[in-house]
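Working notes, beginning with the structure itself.
Bear in mind these aren't lab numbers, they're just calculated from the coordinates by the rules spelled out. Predicted model only: the values in this text are computed from it and were never measured. For neighbour counting, all protein chains shown are included, and Cβ atoms are generated from backbone atoms with ideal geometry for every residue, glycine included.
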């Protein structure tokens, strides 16, 4: 355990704070931003074209699956070509999708195809790309750096939606998509790359044949550690425990949050109280990112992961209470937010520490793909369970159990041997 900042920790931040800021801007203005504001477009588009909300959710689900399936491919490309080439293709590609969406004339098929393309390009605008330069720069303070950078998503979640809502209300939803293109490619990308200038544009140099110690972009800790190829990683228990953990927590995590507003409404909370709950969730997200990052640099990663993954089980059980007091409901939502906020920190930190640097993105992509598919499943299953039973009781009970399964899988990663290079 490392209880306090040391001189080397402060030196690492002084040298690389710009990278953290650049990564925060990049992730905050990538596809994660659209996931946070997409609901602003739903009512306007359905009213103009006569589509149902079910149609819109179907298109979103297909796009999510497309993004999940592309994660492994994007990961391999990142390992081979570095993050700059990928974001310079994917960010403008995502912006072009926004402009295409602003130009549609009522074809649901075209809209769905655009969302699929957005899912593919959007994959390269998220954590799998932008965490690479940060991990290459930070060793001692990697956990906290990841937490601070991931908070960029929370900051944009607070700043952009009110401004975008004004644009849509004043000029229409098409102008909203144009604004998204400007924010993503016109503001976010240039700023991110400006702050990231000087960061090593790390790329894979056939580390199956070349020792990692010869890679100049790796940190000193990673020069001393083996780099594990994806196939070798998949032969080890740690890879599958991490995948099981991510699947287990993403099904209830996405399911509960996707149904949170109607769930709280069913329990008697007013619209104003639900709005407060959503704000508390956003604060929980940021707190989870920062607390997890701070803890990862000081405590065993498996224990941190198990704790942060286990606490939302209590939140799910609290939501089973009939007509809970507002303060109790807010506690449950905050616990769920803590877990959702910790996920990125845990995944990036665990992979970089246990599998090395040379194949980081390929392994990240493979595990994140399983988690993304679980997220899509959770979004559908929780709503379907409610439609079938008339309540969320069964979904919440199963969700609490799933969180505990995920916590157990994370804890078990600390009990098995690290994988060996092929």
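Please arrange 48, 105, 12 by how many other C-beta atoms lie within 10 Å of their C-beta, fewest to most. All intermediate terms of the calculation are to be shown ahead of the outcome.
Values: 48 14, 105 7, 12 21.
Listing 48, 105, 12 from fewest to most nearby Cβ atoms yields 105, 48, 12.
Using bins 5 angstrom wide from zero, how does P(r) for the stretch 226-415 break down, in % of all Cα pairs?
Percent of Cα pairs in each bin: 1, 9, 17, 20, 19, 14, 9, 6, 3, 1, 0.
Rg and Dmax in Å for the stretch 31-109, alpha carbons only: what are they?
Spelled out, the Cα radius of gyration and Dmax of the stretch 31-109 are 14.9, 45 Å.
Students often get this wrong: which residues of the stretch 84-111 have the backbone nitrogen under 18 Å from the point 7 angstrom along Cα-to-C-beta of residue 69?
109-111
Which FRET efficiency, nearest 0.05, do residue 43 and residue 182 yield, Cβ-Cβ r, R0 35 Å?
0.95
Given 10 °C and 1.306 mPa s, compute D for the stretch 304-422 with the Stokes-Einstein relation, Rh being the Kirkwood radius over Cα pairs; round to the nearest whole µm²/s.
Working: Rh = 16.0 Å.
D = 99 µm²/s.
Using alpha-carbon pairs under 8 Å, 6+ residues apart, how would you state the relative contact order of the chain in percent?
Numbers: 700 pairs, mean separation 111.8, N = 422.
Relative CO of the chain lands at 26 percent.
Mind checking the log10 I(q)/I(0) for the stretch 28-186 at q = 0.18, 0.20 Å⁻¹? Debye, one equal scatterer per Cα, no solvent, two decimals.
Debye intensities relative to I(0), on a log10 scale: -1.12, -1.32.
Distance in nm between label sites at residue 96 and residue 235, each 7 Å beyond Cα in the beta-carbon direction?
About 4.1 nm separates the two model spin labels.
By count of other Cβ within 10 Å, fewest leading, how are 397, 128, 367 ordered? Can you show the working numbers first?
Details: 397 13, 128 25, 367 28.
Taking fewest neighbouring Cβ atoms as first place, the list is 397, 128, 367.
Determine the calculated [θ] at 222 nm for the chain from helices alone, applying -39500 (n - 2.57) to every DSSP H run no shorter than 4 residues and normalising by the residue count; nearest 500 deg cm²/dmol. Could you put the intermediate results ahead of the total?
Working: 19 runs with 326 residues, N = 422.
-26000 deg cm²/dmol, from helical runs alone.
Could you let me know the centre-to-centre spacing of the stretch 16-80 and the stretch 92-106, using Cα atoms, in angstrom?
So the separation of the two Cα centres works out to 13 Å.
Let me see the pair-distance distribution of the stretch 273-316: every alpha carbon pair, 5 Å bin width, integer percents in order.
Percent of Cα pairs in each bin: 5, 20, 23, 24, 15, 8, 4, 1.
For each of 281, 360, count neighbouring Cβ atoms within 10 Å of the residue's Cβ, then give the residues from fewest to most.
Going from least to most buried by this count: 281, 360.
Specify the residue with the greatest mean-square fluctuation among 266, 345, 297, computed from a Gaussian network of the chain linking alpha-carbon atoms under 10 Å apart.
266
Treating the Cα atoms of the stretch 247-330 as identical point scatterers in vacuum, please give the log10 of the normalised Debye intensity I(q)/I(0) at q = 0.12 Å⁻¹, two decimals.
Log10 I(q)/I(0), no solvent term: -0.41.
How high is the FRET efficiency from residue 278 to residue 415, r the C-beta distance, R0 41 Å, rounded to 0.05?
Efficiency, from the Cβ-Cβ distance: 0.65.
Which values of log₁₀ I(q)/I(0), to two decimal places, follow from the Debye formula for the chain at q = 0.14 Å⁻¹ with a uniform point scatterer at every Cα?
Log10 of I(q)/I(0), two decimals: -1.34.
If N is the number of residues in the stretch 346-412, what value comes out of its Cα radius of gyration divided by 2.2 N^0.38 Å?
Working: Rg = 15.6 Å, N = 67, 2.2 N^0.38 = 10.9 Å.
Cα-based Rg divided by the globular estimate yields 1.44.
Round to the nearest 0.05 the FRET efficiency obtained for residue 387 and residue 169 when R0 = 22 Å and r is the Cβ-Cβ distance. Could the numbers behind the result be given before it?
On the way: r = 32 Å, r/R0 = 1.46.
Between residue 387 and residue 169 the formula returns 0.10.
Between residue 11 and residue 62, what length comes free when the chain is fully extended (0.36 nm per residue of separation minus the Cα-Cα distance, one decimal in nm)? Walk me through the numbers before you get to the answer.
Values: separation 51, 0.36 × 51 = 18.36 nm, distance 4.51 nm.
Roughly 13.8 nm would be gained on extension.
Please compute the alpha carbon radius of gyration of the stretch 98-176, then divide it by the globular-protein estimate 2.2 N^0.38 Å. Two decimals is fine. Write down the numbers at each step before the final one.
Working: Rg = 17.1 Å, N = 79, 2.2 N^0.38 = 11.6 Å.
Its radius of gyration relative to the 2.2 N^0.38 Å reference: 1.48.
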